[in-house]
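The values are calculated or read from the model by the stated rules, or taken from the named source; none is laboratory data. Model, not experiment: these values are computed from the prediction. Using ideal geometry, Cβ is built from the backbone for each residue, glycine included, and neighbour counts are taken over all protein chains shown. Each accessible area value is taken on the protein alone, full model and side chains, heavy atoms only, with ligands, DNA and RNA left out. Shrake-Rupley method; radii C 1.70, N 1.55, O 1.52, S 1.80 Å.
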Amino acid sequence: MKKKINPNKIKSGVNLKISLFFIFMIMSNGAFSQTDGFKEFLGEVYDSDTKKPLIFATLTLEGTNISTITNTEGEFSLKVPESNTSENVIVSFLGYKTKQIPILQFKSDGNEISMTELVTQLAEVNLSVPKDARALVRETLKKRGENYIDNPTVMTAFYRETIKRRRQNVSLSEAVVNIYKAPYSSNKNDALKLFKARKSTDYSKLDTLALKLQGGPFNALFVDMVKYPDYIFADDLFEFYDFSFSNATRVDDKQIYVINFEQKPSVLDPLYSGKLYIDVDNKILTSAIYSLNITDRDLAAQMFVRRKPRNADVWPTEVAYRVDYREKDGKWYYGYSNVMMEFKINWDKKLFNSVYSMSCEMAITDWEENLSNEIPKYRDRIKSDIILTDEAIGFADPDFWGEYNIIEPEKSIESAIKKIQRQLKRGKIDGGGASAASQ
């Protein structure tokens with residue numbers, strides 16, 4: 001018998017906050033540079049055994065900060081300057097053997113890259129293997145006060161959100177935010193304050209449609225599964241999931257359990273499925289990669305689409321998430337997250353549909369203990385319904401971005417952080433990173 005979840009039991013905070021505004025806007029100002037001087041390589045990355053696509057696999061041009069990640073279909077688009085076509089491409093994915101491939105072996109399209117799992121049999125793990133994967137997940141989440149930073153902290157983070165129409169960049173926004181993070185053992189939510197922001201939009205590629213992502217940095221922050229477990233693994237939702245052990249692996253010399261989870265076949269409402277990476281020695285969640293089960297198109301559209309044109313049918317086709325944690329002085333903390341969504345738009349009286357993808361990612365660049373436990377006043381905080389592309393107009397500051405005053409879509413978020421590291425430190429010294437006056 002199929003089970004219908006009581007809607008009041010589902011705390012779908014991430015889903016509700018990752019909403020879209022669909023508004024008609026007809027404009028025509030190009031903002032992105034052309035691809036002259038670049039070669040573009042298209043392909044897919046997949047598991048060598050299961051042939052399943054690998055979401056969030058990373059491809060990096062060796063010796064450069066040019067990088068890209070695979071989408072929800074495992075597909076990638078890597079743009080390489082013609083002057084770098086003799087280099088190697090490093091392909092990596094969590095729990096898999098890294099590959100190094102000469103760029104000269106790549107074709108313009110149809111590149112297929114198979115990845116092999118880095119496997120350690122569970123029997124080889126020194127500690128006794130828990131028999132119950134579900135119990136291990138519960139224990140890991142309950143130990144968050146022991147293993148994760150349990151004092152108020154102020155984090156500096158770099159945030160980026162991107163909108164593409166098929167493979168073409170349409171809009172890219174970036175921001176530096178301050179996260180006033182509550183202790184992991186506390187049920188108190190984190191507070192955010194905008195420091196600097198900017199955007200680049202090419203409305204000529206929007207097909208007379210302007211897509212806006214509501215929630216901004218909160219979309220990435222709420223993927224912090226340890227701080228916000230109720231969005232996915234609320235106590236009353238555990239019964240709707242099946243948990244199982246996969247082969248163990250190693251990440252940064254740490255022995256890692258890999259736990260698969262997926263909603264039970266008898267559950268109708270969309271829940272999640274994916275992999276949890278848990279440190280063997282200390283029962284610590286180090287990473288998670290998962291996706292939303294979208295089978296009911298209309299229900300999925302209700303979850304994500306806030307407004308749309310009357311003559312268009314809009315629905316998500318894929319929604320995927322990733323979160324990584326880092327360690328400092330024996331304590332773990334939220335370090336990076338990524339949300340990726342793909343949408344289809346069917347227009348009345350049009351033969352072909354439009355395909356858009358939206359992604360947002362955030363990485364912590366620095367953090368320190370918030371000794372005074374002060375947080376910004378409510379009026380100064382970023383609201384959870386923020387639309388960053390609208391806010392970025394008032395916060396753009398060429399002096400802050402320095403030489404990195406042009407948004408480069410092909411650059412990795414890590415390289416962006418390195419380029420503005422000096423400005424980040426200067427802003428912290430000048431004003432504690434706590435204010436952002438309109439320019």
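The residues of region 52-65 that are in contact (Cβ under 8 Å) with a residue 40 or more places away in the chain, open to solvent by 10 Å² or more (accessible area, probe 1.4 Å) and farther than 20 Å from Ser287 by Cα, listed by number, are Thr60, Asn65. Inspect region 354-376 for any residue being farther than 21 Å from Ala175 by Cα, within 20 Å of the chain's Cα centre (by Cα) and open to solvent by less than 60 Å² (accessible area, probe 1.4 Å) and give the result as yes or no. Checked against the condition, which is being farther than 21 Å from Ala175 by Cα, within 20 Å of the chain's Cα centre (by Cα) and open to solvent by less than 60 Å² (accessible area, probe 1.4 Å), region 354-376 yields at least one hit. Just to be sure before I move on: is Lys131 modelled with pLDDT of 85 or more and either open to solvent by 40 Å² or more (accessible area, probe 1.4 Å) or farther than 24 Å from Leu221 by Cβ (or both) in the structure I sent? Criteria not met by Lys131. The set of residues from region 376-409 being modelled with pLDDT of 90 or more and more than 16 Å from Lys212 (Cβ to Cβ) comprises Pro376, Lys377, Tyr378, Arg379, Asp380, Arg381.
Of all the numbered requirements in (1) open to solvent by 70 Å² or more (accessible area, probe 1.4 Å); (2) under 30 Å from Pro316 (Cβ atoms); (3) modelled with pLDDT of 90 or more, Ser92 misses one, and that requirement is (1).
Of the strands (runs of 3 or more DSSP E) lying entirely inside region 241-298, the ones with 2 or more residues being among the charged types (D, E, K, R) are found at 254-263, 272-279.
Taking the residues in region 334-353 that are among the aliphatic types (A, V, I, L, M) and either in a strand (DSSP E or B) or under 16 Å from the mean Cα position of the chain (by Cα) (or both) as candidates, determine which candidate is farthest from Ala182 (Cα to Cα).
Checked region 334-353; the qualifying residue farthest from Ala182 (Cα to Cα) is Ile345.
Among residues of region 138-164 that are farther than 26 Å from Glu368 by Cβ, those with a Cβ under 6 angstrom from a residue that is at pLDDT 90 or above and polar (S, T, N, Q), sequence gap 6+ or separate chain, pair up as Thr162/Ser359.
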